[in-house]
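Working notes, beginning with the structure itself.
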Amino acid sequence: MVELIPIATAAAPTDPSWNPLDDLALLFHYEFMVHAFEAGTVVAIVAGAIGYFVVLRGSAFAAHALSHIGFAGATGAVVLALSPIVGLLAFTLGAGVAIGALGNRLRGRDVTIGIVLSWALGLGVLFISLYRGYSTEAYALLFGQILGITSSDVVATMAAGLITMVALVAVYRPLLFSSVDEDVAGAKGVPVTVLSIAFMAILAVAVSEAVQVVGVLLIFALIVTPAAIAVRFSSRPPVAIAIGILLALAFTWFGLAIAFFSPHPVSFFITTLAFATYLLVRLAEALRSRQRVRV
Amino acid sequence: MSVNDPANAIVARGLAAGYGSHAIWSDANFSIPGGSFTAVLGPNGAGKSTLIRLILGLLHPIAGTLDVLGEAPRRGNPRIGYVPQGSAFDPELSIRGRDFVGLGVDGHRWGVRLSGRAQIAAATDAAIRAVSAEAYANRQLGRLSGGEQQRLLLAQALVGQPSLLLMDEPLSHLDVRNQGAIVQLISEVARKRNLTVMLIAHDVNPLLSHIDHVLYIAQGKLAMGKPADIITSESLSEIYSSPVEVLRDRLGRLFVVGLEEEVSHPHG
């Protein structure tokens, strides 16, 4: 899938000129940066959009679990000399459909999901040890490898992104309905179990895409954090989705730009921007409500 | 009124309900006249929600026939409004009450809302007005009080202009004052729109001055009649062939004693 350019070389520290136009020109001077921005943009749009439903349905932990199970698939594929994305997709889709089919029966089963995902990580460790030269591959899967993305990866990411967005638009209304009240939606003729499976399948593809940018371990930063911030700003679904997409884009773009001028990895900056924004929003809310109490 | 009268909203003949081969109740024969208000009463696990699931077409009868608004029960019948049993919405649920009510109009359709926004907004506004929820319909659903959420659930059920309203314990999470207000509201809306209402309740007292019929479900049997005829020690004892006592306190409230000892059933 990816030509693994050692991350330290790819993001060789360059000093910014602090002239925005010159710095932007410098950013896009390198092909790997252009690819990173292209793939990152697609992934951010998809992650920001599906994140709203992940937060609304309370399935953040399921998203986390999917990425870990995907790790076992990706490493397994490498052992079999297949592209890791094939294993990643196969395992996240399989696990997603299973979680979706179990539906409400899995709600609150954090312990069960946790046991399965820790075993999946264990399997991943085994597969890595079976594969020689494992450390770069494993590192990329766990923490992201966006600076190593090739132009064919960009095309594949765009195709997958388009499929997930079209699927999400197709199920939008009934998915929203069954996410808010499954009983009412079911009585109105909404096929709630089919939707639950379809949603987890779409999420599986989105997770597989996002793994390229932030890796298995940091998936929350792109799929959950932007949406979790967005719903604090608006409880109108289309507005919350738009804010989530904008935040995911901002974290990705700024994360990439900062990483380009620093010796540190992109994933660190993306997750830090996401976390800092979340922290600021919660702090501002706490301050505001304290003021309200005083008045 | 004969059982075959087209004015009947719901007609059951020899109806039995259950899961698999296990019957929860059987041999139910009753007819609910259109435009009437019926309270469904009985101990926990007697199969009250099961009856609603049959009418909604979410569960098939294991015997007998059921006729709902002149046809066989079918899932997604737009002429039925439904308020499910359940606790309050998750406080973090980030959607406005108005958006939820609007989903009652077109939430079952695929895709995104492209056309008909004006009509949907008008229908949503009318339903919100009908339950007097204008003041908080734009606030986050999960942050509203139990009574406010119940009104928006009712608005969601009314928004499609149904002719039958099914409500599963809409009063159980409300305080006494809110219970009275919601029952009054349901009764007024129903009279105005000639709605047939079937409402599951734990306690008949807040409903007594509004209902036309009581459908009692206990010990595998259903019995229907006027509240004054059914909720008496004599008739309940006779129907269930066991000593049942109906007590009346100083405020005129009724308490049924003797039907509670029921094998509990997970499906309620």
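Assign unit charges at the C-beta atoms only (+1 for Lys and Arg, -1 for Asp and Glu), then state the dipole size of region B:173-268 relative to its Cα centre in Debye, rounded to the nearest 20.
Details: 9 positive and 12 negative charges, 109 e Å.
The dipole magnitude comes to about 520 debye.
Answer rounded, prolate or oblate for chain A, using the Cα gyration tensor with square roots of eigenvalues a ≥ b ≥ c: rounded when a/c is under 1.5, else prolate when a/b is larger than b/c, else oblate.
oblate
How well do other chains shield peptide A:46-59, expressed as the mean number of their Cβ atoms within 10 Å of each residue Cβ?
Details: counts 0, 0, 0, 0, 0, 0, 1, 0, 0, 3, 5, 1, 3, 0.
Mean shielding by partner chains, rounded to a whole number: 1.
Helix B:176-193 against the longest principal axis of chain B: what's the angle in degrees, Cα atoms only, rounded to the nearest 10?
80
With unit charges on the beta carbon (Lys/Arg positive, Asp/Glu negative), name the residue among A:I99, A:V42, A:V180 whose Cα is farthest towards the positive pole of the charge dipole of chain A.
Positive-most Cα among the choices belongs to A:V180.
Taking the Cα centre of chain B as origin, sum charge times position over the Cβ atoms of Lys and Arg (+1) and Asp and Glu (-1), and report the length of that vector in debye to the nearest 20. Don't skip to the end; give the middle numbers.
Working: 24 positive and 25 negative charges, 214 e Å.
Once rounded to the nearest 20, the dipole reads 1020 debye.
Considering only DSSP beta bridges whose two residues both sit in the protein assembly as shown, what percent are antiparallel, to the nearest 5? Walk me through the numbers before you get to the answer.
On the way: 24 of 41 bridges.
So the antiparallel bridges in the protein assembly as shown amount to around 60 percent.
Which value, in debye to the nearest 20, describes the size of the charge dipole of region A:70-192 about its Cα centre when Lys and Arg Cβ atoms bear +1, Asp and Glu Cβ atoms bear -1, and nothing else is charged?
Numbers: 6 positive and 6 negative charges, 27 e Å.
It comes to approximately 140 debye.
Along region A:190-199, what does the Karplus equation 6.51 cos²θ - 1.76 cosθ + 1.60 (θ = phi - 60°) give for ³J(HN,Hα), rounded to whole Hz, x for Gly and Pro?
Each residue's phi maps through the Karplus curve to give 6, x, 5, 5, 4, 5, 4, 5, 4, 4 Hz.
Pairs of Cα atoms under 8 Å, at least six residues apart: use those to get the relative contact order of chain A, whole percent.
Values: 448 pairs, mean separation 95.1, N = 295.
It rounds to 32 percent for chain A.
Per-residue Cβ counts within 10 Å, from other chains only, averaged over A:231-238: what number is that?
For this peptide, the per-residue mean of nearby foreign Cβ atoms is 5.
Peptide B:75-81: average number of partner chain Cβ atoms within 10 Å per residue? The partial results should precede the final answer.
Details: counts 6, 7, 3, 2, 0, 2, 3.
Per-residue shielding by partner chains comes out at 3.
Summing +1 for each Lys or Arg and -1 for each Asp or Glu, what net charge is found among the other residues whose Cβ lies under 11 Å from the Cβ of A:A160? Don't skip to the answer; put the middle values down first.
On the way: positive: none; negative: A:D153, A:E209.
With Lys, Arg at +1 and Asp, Glu at -1, the net is -2.
For every helix of n ≥ 4 consecutive DSSP H residues, a contribution of -39,500 (n - 2.57) applies; sum these over the protein assembly as shown, divide by its total residues, and give [θ] at 222 nm rounded to the nearest 500 deg cm²/dmol.
On the way: 22 runs with 308 residues, N = 563.
Result for the protein assembly as shown: -17500 deg cm²/dmol, rounded to the nearest 500.
Helix B:97-106 against the longest principal axis of chain B: what's the angle in degrees, Cα atoms only, rounded to the nearest 10?
80
Which of B:H202, B:L171, B:V256 sits farthest toward the positive end of the charge dipole of region B:141-268, with +1 on the Cβ of Lys and Arg and -1 on the Cβ of Asp and Glu?
After comparing all options, I get B:L171.
Using Cβ counts within 10 Å as a stand-in for footprinting exposure, how do B:H210, B:H202 rank, fewest first? The partial results should precede the final answer.
Details: B:H210 18, B:H202 14.
Ascending Cβ contact count within 10 Å gives the list B:H202, B:H210.
Within 10 Å, count the other beta carbons around each residue, average over each peptide in B:126-135, A:247-256, A:274-283, and list them highest first.
On the way: B:126-135: 17.3, A:247-256: 23.7, A:274-283: 14.5.
Going from most to least packed, we get A:247-256, B:126-135, A:274-283.
I need the shape label for region A:10-144. Rule: rounded when a/c is under 1.5, else prolate if a/b > b/c, else oblate, with a, b, c from the alpha carbon gyration tensor.
Details: a/c = 2.76, a/b = 1.49, b/c = 1.85.
Judged from the Cα gyration tensor, region A:10-144 comes out oblate (a/c at least 1.5, b/c at or above a/b).
Figure the gain on full extension for A:T112 and A:E31 (residue separation times 0.36 nm, minus the Cα-Cα span) and round it to one decimal in nm.
Details: separation 81, 0.36 × 81 = 29.16 nm, distance 4.38 nm.
Full extension from A:T112 to A:E31 adds 24.8 nm.
From the residues A:P238, A:F220, A:V154, which one has its Cα farthest along the dipole of region A:141-252 in the positive direction, the dipole being from +1 and -1 charges on Cβ of Lys/Arg and Asp/Glu about the Cα centre?
Projecting each Cα onto the dipole axis, the largest value belongs to A:P238.
Beta carbons within 10 angstrom, averaged per residue: use that to sort the peptides B:19-27, B:169-177, A:195-203, highest first.
On the way: B:19-27: 13.7, B:169-177: 16.4, A:195-203: 23.1.
Ranked from most to least packed, the peptides come out as A:195-203, B:169-177, B:19-27.
None of the figures in this text is laboratory data; all of them are computed from the coordinates on show. Since the structure is predicted, the reported quantities are computational estimates derived from the model, not experimental observations. Note: ideal-geometry Cβ built from the backbone for every residue, glycine included; neighbour counts use all protein chains shown.
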